Structures are given as structure tokens and as C-alpha cells.
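> A single structure is presented below for examination.
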Amino acid sequence: MSRRPLRTFAYGHPWFYHLVTGISALPVGGPQRLRELCAQRLAPLLPPQAAVLDLCCGDGAASAALLARGFRVTGLDCSRQALERAARAYPNLATVQGLAERPPLSAGQFAGVQISLALHEFHRPARLALLKATLRLLQPGGWFVALDLHTTHGLLGWPQQWFVRLFETDTAVDFLASNLAADLSMVGYGSVVREILAMGSLQLVSAQKPVPFPVP
């Protein structure tokens, strides 16, 4: 996986990372609004106080939007340091260290799963494994919501291309060439809905785990 020239610099200098994130979030109303998009889509679909998993939760910024809505939230990430920051910032957040494509969690324990701006970090085989894992973790009728990059066309396409070249890895290029909605249907989800945001540069996708027909 080749790294882009400014990615390491951005991660080593938080002020620069937050500056870039803030500018990128302007089309949807700023960083706070960006962090809440998954929760805003997921919340009306779930019962009160439902169990929800935030995959690749990082420092818990997107988990906070779920906690504020009264859900019982578990944050999973591969980084122990990120989980420690999340636990300090959000004491009500349960944290689990593990890989999103192989989560060390029991099947059927969540009513909802969200992943915000992290799917593009996975190559296709791992990404499909992650989607299959979320299907296993959800209860029948549960919902999956993802926010991530979307290919922008026309005049707005070149800023996205430069952003990916400077800040992302090859996995982002791979993700932009894929069809997330089609992949969700392929692994077994139904009721797939995709909303295009930020002048075409982001997609917010929701999908439901089917409810088995009762056996007569």
C-alpha cells in the first residue's frame, strides 16, 4: 500500500490534519455535521436505546453522535491508542480492539452498525469481508450505514483527484472505482439506499439485514 506524500505529515501534525478535514467538510456544513451524518441516518431506523456498533471508531467523534441520541454504543478500532482517547473522551462508550473485517464480537448483538469515512482504507477483499462481518453482527432487520467517498465528475472532479493523490492510499482509488451499493446487495443486504452529498464527493448509504421468513 503506497502512501501519499502529505498523509504521513498530516497524521504527524494534528493541526494540519484538522485543517484539511475542516476544509473538506465545508460542503456538508463543517466537521461537526460530517461526524453526525451516519447517526442522523441511523437513528430514525432504530428503537430507543438500541445497541449500535461504530466500526473504525478512532477517537470516538462519530460515536459521540450516537451516544447523544441515547444508544448503547460500542466502538471498535484496531488502534489501542485511539480507543484509549475515545474512552477518556466518552466514558459511556464501550470499546473493543480488533480488525473491522474480523471483529471479535458475537453474532446478532447489534441493531445498527455504522462506519464513517473508513471503508476507503480497505482493499476490495477486506472491504467485502467487512461488509459480510457487519451482516453477521446485525440482528435480523438491523441496519448498516456508511459514509464515504464518492467519485465526483466534471469540474469538481479534479479537486477530489488531487486530494486522493496527496492524502489517501491506493485503497481509496480502488474504492472510488467500486460500487458500494452493489457490493452491499451482493453480500446479502436489502433495502439499499444511497444519498449523494457534498456536491457529489460523498455518499451516505444505508442497507438492512433481511428478516427471515417464518417457517410454516
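> Net charge near GLN81, counting Lys/Arg +1 and Asp/Glu -1 over other residues with Cβ under 13 Å of its Cβ?
Combined, the nearby Lys, Arg, Asp and Glu give 0.
> Short version: what are the Cα gyration tensor semi-axes of the range 51-133, square root of 5 times each eigenvalue, largest first, in whole Å?
The equivalent ellipsoid of the range 51-133 has semi-axes of 20, 14, 11 Å.
> How much net charge surrounds ALA111 when only the other residues with a Cβ under 11 Å from the Cβ of ALA111 are counted, with Lys and Arg +1 and Asp and Glu -1?
So the environment of ALA111 carries a net charge of +2.
> Continuing with the same structure: Is the C-alpha gyration tensor of the range 172-216 telling us rounded, prolate or oblate? Criteria: a/c under 1.5 is rounded; beyond that, a/b larger than b/c is prolate, otherwise oblate.
oblate
> Show PHE213, PHE71 ordered by accessible area, largest first, where the area counts protein heavy atoms only and the probe is 1.4 Å.
PHE213, PHE71
> Mind listing the long-range amide H neighbours of ALA100? Cut-off is under 5 Å, sequence gap 5 or more, other chains count too, H placed in the peptide plane at 1.01 Å from N.
Amide H neighbours of ALA100: none.
> Run the quick spin-label model on ARG33 and ALA94: label points 7 Å from Cα toward the beta carbon, then report their separation in nm to one decimal.
Label at ARG33, label at ALA94, 3.4 nm between them.
The values are calculated or read from the model by the stated rules, or taken from the named source; none is laboratory data. None of the values given here were measured: they were computed from a predicted structure. With ideal geometry, Cβ positions are generated from the backbone for all residues, glycine too; neighbour counts draw on all protein chains shown. Ligands, DNA and RNA are excluded from the accessible area calculation, which covers all protein heavy atoms including side chains. Shrake-Rupley method; radii C 1.70, N 1.55, O 1.52, S 1.80 Å.
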